[in-house]
């Protein structure tokens, strides 16, 4: 009994005063977090900008725009954002050797400091547990310290997503709030689970690193801002009784300009939501712009968006999912548009490594694991189409146009149709220009998948790319088999005729009739090997080479290529 009291006292002391350098005993008491469920009151020790963000995410964001029950979930209804819940956020302390913690260099130290605790001088990472997932993680309680809802320093409340939680330190107003995207052991839309997979963690942080390499200032010049996803955590140690899919977590930062209320970052679901009394918020934004509804759509929703899409996706190869939850619009605090767009959820970013490599982009970041499935590298090549058809045009542009037209009689049916034709025409022109297509009409919901396949099959190998041809021999066969076995081979166009293989400074290409049949990025180790062997992989260095056509000197050059 005395020992248990001592443990509880020591835990409480650690969390109140010295949370980063404490000593805890294992098997701390476990509590049921749902017993601590409360409602937001507006009196929480949160900055005004974060309170406004929560209001817009919980009370304006409207899922029923897609139809009643379109995003039905088996989560306890008391935890859905619309109920404005808040609750203590428990966590397990995972020793550094049992965890895989990924981070971008841009991770804010004011956030990273809150993600770790030292026990007897040893670093532990905090794995946050949504109250609805306590049973999912129950197998961990015999292995790790569990900081329950009556001991945790954190409170949480959901954004428009059930599992993306605004987190704040209830004991300190100086600690910076952040968003934790936690694993939720529930489903949405029937069978889609809400666990944060290992692949999603690695993909999100890698995509953040690419955006970091592109540079915050450069992105802002292209009218793009970000909700940074700068850290992720998964458990790598195997545990008896663990579920087949365990899930990890991601950390999404809230930029200072939002925390401080300098600017508003409004999802399009919130902007067009009928939940707001009198009229949707977008009507106020249009009024502040000084433009008519028609001119607002023409200037911002067509020209502004497509220019950003051209710069970020078509030129840089960073495809994204611009649906009405993850695509965000920036305004001043009094709702005047700034012309800036904001992205969140980097698990939904699909890099096109062909475009990225062609333009000298940071493909090396994806070499950390080089896994094609993990980074959605095949889908990234064709995602220019679904990004527009399935997401932006359908779930943002058309839907918001319809909502505005309900409240603005000047936006007649003829003008609505003219705007739709205008954006389709401009988008199709961009697609043809950058992807070598000759479409007469914009892709639509009935044919966009076929056109994505067309894009993938039409991918040409850039002749300007520095390369060395690798001829068919045992070493090449071995290399390809290894890449495919490790899911590092990206299948693109269908092979028609004989294939040729070319080694570049970032990977190996298979080419047939000038079309890229497949590509595999180097791993970090292979890249080091390539550089150490004078731009050649050691596995190919002494492989048979083509007979030279330039005499003895040519033979010597070929041998030492």
- [ ] Could you check residue 277 against (1) closer than 30 Å to residue 165 by Cβ; (2) modelled with pLDDT of 95 or more and say which number it fails?
- [x] (2)
Task: One residue from 462, 441 being in contact (Cβ under 8 Å) with a residue 60 or more places away in the chain and closer than 30 Å to residue 391 by Cβ - done: 462
Open item on the list: Anything in region 478-490 that is surrounded by 16 or more Cβ atoms within 10 Å (Cβ to Cβ) and closer than 18 Å to residue 366 by Cα? List them, or say none.
Closed with: 483, 488, 489, 490
Open item on the list: Take residue 304 and tell me if it is in contact with a strand residue (DSSP E or B) (Cβ under 8 Å, 6 or more places away or on another chain) and either surrounded by fewer than 22 Cβ atoms within 10 Å (Cβ to Cβ) or more than 28 Å from residue 361 (Cβ to Cβ) (or both).
Closed with: yes
- [ ] Tell me which residues, restricted to region 122-143, are assigned to a loop (DSSP other than H, G, I, E, B) and either free of Cβ contacts under 8 Å to residues at least 24 places away in the same chain or under 18 Å from residue 88 (Cβ atoms) (or both).
- [x] 129, 130, 134, 135, 136, 137, 141
Task: Positions within region 506-522 being modelled with pLDDT of 95 or more and assigned to a loop (DSSP other than H, G, I, E, B), in sequence order - done: 506, 522
Task: The one condition in (1) over 16 Å from residue 101 (Cα atoms); (2) touching a helix residue (DSSP H, G or I) at 6+ places or on another chain (Cβ under 8 Å); (3) surrounded by fewer than 19 Cβ atoms within 10 Å (Cβ to Cβ) that residue 265 fails to fulfil - done: (3)
Open item on the list: So for region 342-359 (the condition being part of a strand (DSSP E or B), in contact with a strand residue (DSSP E or B) (Cβ under 9 Å, 6 or more places away or on another chain) and surrounded by fewer than 21 Cβ atoms within 10 Å (Cβ to Cβ)), does at least one residue qualify?
Closed with: yes
Open item on the list: Between a residue in region 489-507 that is in the same structural domain as residue 368 (by TED's automatic domain parsing) and any residue that is assigned to a loop (DSSP other than H, G, I, E, B), which pairs come within a Cβ distance under 7 Å, given they are 6 or more apart or on different chains?
Closed with: none
- [ ] Counting only residues that are at pLDDT below 95, give me the helices (runs of 4 or more DSSP H) lying completely in region 1-120 with at least 3 of them.
- [x] 2-17
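The values are calculated or read from the model by the stated rules, or taken from the named source; none is laboratory data. Just so we're clear, the structure is a prediction, and the values are computed from it rather than from any experiment. No Cβ is skipped: glycine too gets one built from the backbone with ideal geometry, and neighbour counts run over all protein chains shown.
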